[in-house]
Amino acid sequence: MLLLRLFIPFLVRPLRREPLRVVLTVFAVALGVGVVLAMEMAGSAAAGSFRSSLETLAGKADFEVTAVGGVPEEVFARLVAVPYPIRVSPRIEDFAAVQPAGEVVPVVGLDLVAEAFSHANTTSTPWTQGEKVEDAVWVGSALGKRPGETIRLALNDSAANYKVAGILPDVPGSPQARNAVIMDIALAQKALGRQGRLDRVLIEVPQTPALQEWEQILRQDLPAGVRLERYGSRSNENRRMLEAFRWNLRINSYVGLVVGAFLIYNTISVSVVRRRGEIGILRALGATRGAVLALFLAEAGVFGLAGALLGLPLGRVMATGAVRLVGATVESLYVSSQPAPLSLSADAVALALCLGLAAALFSAFAPAREAAGVPPVEAMAPGRREYEARVHKTRDLVLGIVVALAAAAASRLPPVGGKPLFGYLAALLLVVASALATPAVVSTVMAASAGTLRRLLGVEALLASRSLGASLRRTSVLVGALSTAAAMMVSVGIMVGSFRQTMMVWMDHQLQADLYVSPALPPAGDRHPTLSSDVPDRVAAVPGVAEVDRFRAYSISYQGLPATLAGGESRMIARAGRLRFLSGDAAEIVTRLPSGDFAVISEPFANKHQVGTGDTLRLPLGREVHAFRILGVFYDYGNERGMIVMDRATLLKYLPDPAASSLAVFLAPGADAAAVRSAVVRAVTGRQVTVFLNRELRAEAVRIFDRTFAITYALEAVAILVAVMGIAGALLALVIDRRREFGLLRFLGASSGQIRRLILFEAGLLGLLANFAGLALGAVLSLILVFVINKQSFGWTIQFHWPVAVLLGALSAVYLATLLAGLYPAEMAVRLVPIEVIHEE
């Protein structure tokens, strides 16, 4: 009760006199909390696969049977004939583009006769009633169709009209069901060219005996090359694959909150300085250290709680835009998915409240504890805290060096559970080291530059530098906050720029063909639509075409993680030099590749599964499990899932499906690429394919790359905004604290313009200090991002590159924003009435 009585007059009333600074601090915390909440909501919404979304619609099961290239129908027949009371349901699953809009929708083929029979006494499936026609489909409500209308679907490279026989019921929590297409399994097999094969077989078993026993029973009737797994295993594999992506997204989102914590630290530090007299009086009147500590923690708690509450609606709004960016990234790199509806759950609310309060209390603890521990006489001494900051700057610098060495040691440790935990720890330690070294750096720079500033910019610059040096503690916190945000921007900019440059060099080696032909379905990490068997022959017959490389890819599972199995023509790979290997002679590797059961693997696959040259892969292909020796590991930046590549003839030996996923077309010397492209388009008339020129495919790859990292840049922009808001609030506090100083300057003849320039010079110096410190810290952080966090998370080797133009533009924008943040405080300083502020004391 005593604390409550003290809280209102001691803390609330002074804050009410500075509403703008309070609003800036609260909004900074709200932005940090909102970004974390938005990324959590967007990541959860975007990470689901269409298979898990359609589980309720397509029926329940206990097991699923899969095989690379499809489950042979005789395996399905064998399961149906098992003398046990089990329910066996075949599935065909793929994607189609709705024409003319081009929207990609999941397509599921079901045995509608069996489904209708099993649901004969229910109304849960729409295909048990209505008109039965050969080309009938049932579509989700989001496609805007009515029964009896026609829908045109492009599957692989063929398009056809289908009659809408019914509308699928909406399934709560399954957004993909609202735009799904269901057709009879025979129609799906014909449309997709999968006669004799099934994508999955679902099995539902009785409750007894246990599932482990049922697994042993069912396994006896399956060939070694066919997988039997618990239902939903592939969805779980996708979730595990996405963990690294979502983990990095979370860490990036915390940057804004960390910067917000700096600002709360600064706000509470300012409160301690301003209330030093009151603290001394309270302590002299008998207030305990615990009471003083509680008062300042309560102030921080108010900031944190208010920021968290404001961050809830703010995060919900930001999540709406973020989910599109995150969803596009997930689909481009990982798995086809449609984001689920965003929901502000109780867990999300609790997360926001806990983050806001935890950040506030943690950042405020040090200044609050210091206020509680100072004796009453020292508390009333005006310059005590700044004196301590100057005295301890050398000690803090040494401690910062020690922390930096600990960061270097942590960066060399291996990942934990596939996550670069020590890499993140190293980055955090570097930020701490930078904060500890900032007072010594600021003091040295301000002292060394004072004379130069006086000569170049005048007395206002001299006073600004001395003012910042005199208020070392506050200046260091502001520089630390803005430099941390700038450092994250610099480090991410270097990492993305390095990755982009590495990818461009990789594409120079990888994309050697003149034309590329593929089905017209938009790309995704797990979609591998195929071309009709006549398309390669049509393309090869076009005048000007020298050779056609047929490439086939399959989505597979290896050791519980999704991967890609592919086959290409080794002679074409060798001639074009399309693969760059980490070690070994590329020509020798590619020459041996078609001579037996050999394979090469991508660097991400090698790092995910800890395999390399000379090791053996055991892959279930066809009816058996076959062993393939790894000849080499190649660089690859187009597939984060990891890739296994073998010669096309070897792949056809075990998976005799000649359909190609894409074609690389090499032209004869002297042939005009544009003219040959037009001829190829005419040759494949009637097929739904895209024909890219080499430069067009490169441009599309760069566009997808830039879209992938758009969310990262957005997160860094928010952190910068939070820091600049903190600069504005701190400069405002400086003006309020130094009213008497400005009044004296005016009495001594300083003009309004000189006072304005003094504040703006302080803002400019803060921006310069933060930019240089952020550039230095960011450069070191980028080494950890490129060579530790990225390597351990995704398995890519990235060549370090300085994106000079991008960094100059970004840092210039930060500096300009810092100057703009000083405009309002400068105007406030100009408007002070000298006689009034002098008489305040």
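Please treat every number below as a calculation from the coordinates, not as lab data. Note that the structure is predicted; figures quoted are calculated from it, not measured. Note: ideal-geometry Cβ built from the backbone for every residue, glycine included; neighbour counts use all protein chains shown.
Taking a Cβ cut-off of under 14 Å around Q799, the surrounding Lys, Arg, Asp and Glu residues balance to a net charge of +1, with basic ones at +1 and acidic ones at -1. Entry for the stretch 650-736 at q = 0.12, 0.13 Å⁻¹: log10 I(q)/I(0) = -0.67, -0.73, Debye formula applied to identical alpha-carbon scatterers, no solvent contribution. Pick out, from I644, A627, H609, the residue whose Cα sits farthest towards the positive end of the charge dipole of the stretch 597-646, with +1 on the Cβ of Lys and Arg and -1 on the Cβ of Asp and Glu. Projecting each Cα onto the dipole axis, the largest value belongs to A627. Take 199-205, 748-754 and order them by the average number of nearby Cβ atoms within 10 Å per residue, most first; the result is 199-205, 748-754.
R324: net charge of surrounding residues, Cβ under 12 Å, Lys/Arg +1, Asp/Glu -1, itself excluded? Intermediate results must be reported in sequence, preceding the final value.
Details: positive: R707; negative: E331.
With Lys, Arg at +1 and Asp, Glu at -1, the net is 0.
Local charge for A668 was computed over the other residues whose Cβ lies under 13 Å away, with Lys and Arg +1 and Asp and Glu -1, and equals -3.
For the stretch 559-679, the Cβ-based charge dipole about the Cα centre amounts to some 100 debye (Lys, Arg positive; Asp, Glu negative; other atoms uncharged). With 0.36 nm allotted per residue and the present C-alpha distance subtracted, the R831-E588 stretch has 79.6 nm of extension available. Counting every pair of alpha carbons in the stretch 486-560, the share spaced more than 17 Å apart comes to 67 percent. The modelled label-to-label distance for the pair R454/A779, using points 7 Å beyond Cα in the direction of Cβ, is 3.1 nm.
Ellipsoid fit via the Cα gyration tensor, the stretch 604-748: semi-axes of 59, 28, 13 Å, each the root of five times an eigenvalue, largest first. Both numbers refer to the Cα atoms of the stretch 686-747; Rg and Dmax are 26.0, 86 Å. When peptides 313-321, 548-556 are sorted by average Cβ neighbour count within 10 Å, with the highest value leading, the order is 548-556, 313-321. Could you give the Stokes-Einstein D for the stretch 528-637 in µm² per second, using the C-alpha Kirkwood radius, 37 °C, 0.692 mPa s? So the translational diffusion coefficient is about 212 µm²/s. Applying 0.36 nm per residue to the separation of V625 and R78 and subtracting their alpha-carbon distance, the gain on full extension is 195.0 nm.
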